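Enquirer: One structure coming up, written as structure tokens, with questions to follow.
Nothing in this text is a laboratory measurement; each read-out follows from the coordinates by a stated rule. Note that the structure is a prediction, hence the values are computed from the model and not measured. As a convention, Cβ positions derive from the backbone with ideal geometry for all residues, glycine included, and neighbour counts pool all protein chains shown.
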Amino acid sequence: MKTFKIIIIGLALFGCNKKVADNLTLEQFGFNKNVPMVILDNKTISVETFRTLNKDSIGGIRVLRHETAKNEYGADGLNGVIIITSKSLRTMEDKKALQVLRAYLLGENDLDNYLFIINGVPLNNQNRKEFQDLDFTEIKSLSDLGASTAKALYGSRARENNIIISTTE
């Protein structure tokens, strides 16, 4: 049951709606007969290690199933993939993304490897001025959409880093 609680907390951090989170079962992740691939901070770990993680150290969890998992991780992802980011790594990644965003809004760089979606609107050169007054203290959540999901939603605009930002407005 401890693992189930970890999964729910992680999904909530990545904006999964409560209805979906309430319906999740361990069987959906393959814990009964098919063992999923588990990744913690970009390193593969065992399901046993996953089950012993301290839920307070988790910054976020993404769950990939079916074709998405297979497309991103090949044969290793056939049974699904659980991607866990610790709070310490999540904080470093968030800071880097915000530095890139700030520099772009100030006109100091391009968004080569980033796609930012702010309150549902993809950021680009045409709408950059609309976001120049963005108050970074009003950012409610920041999460990485993942390459395959971003590609499905945004096509050729998807990048290596696809950051969804929600503000308090």
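Enquirer: Of the listed peptides 80-86, 63-69, what is their order by residue-averaged count of other C-beta atoms within 10 Å, with the highest listed first? Write out the running numbers ahead of the final one.
Expert: Numbers: 80-86: 22.4, 63-69: 17.0.
Order by mean packing, descending: 80-86, 63-69.
Enquirer: Can you list residues whose amide H is under 5 Å from Ser86's amide H, if they're 5+ apart or on another chain and H is modeled 1.01 Å from N?
Expert: Result for Ser86 returns Asp41, Gly59.
Enquirer: Could you list Asp41, Asp110, Asp144 so that the one with the fewest beta carbons within 10 Å of its beta carbon is first and the one with the most is last? Present the calculation step by step, with values, prior to reporting the outcome.
Expert: Values: Asp41 14, Asp110 11, Asp144 21.
Least crowded to most crowded, the residues run Asp110, Asp41, Asp144.
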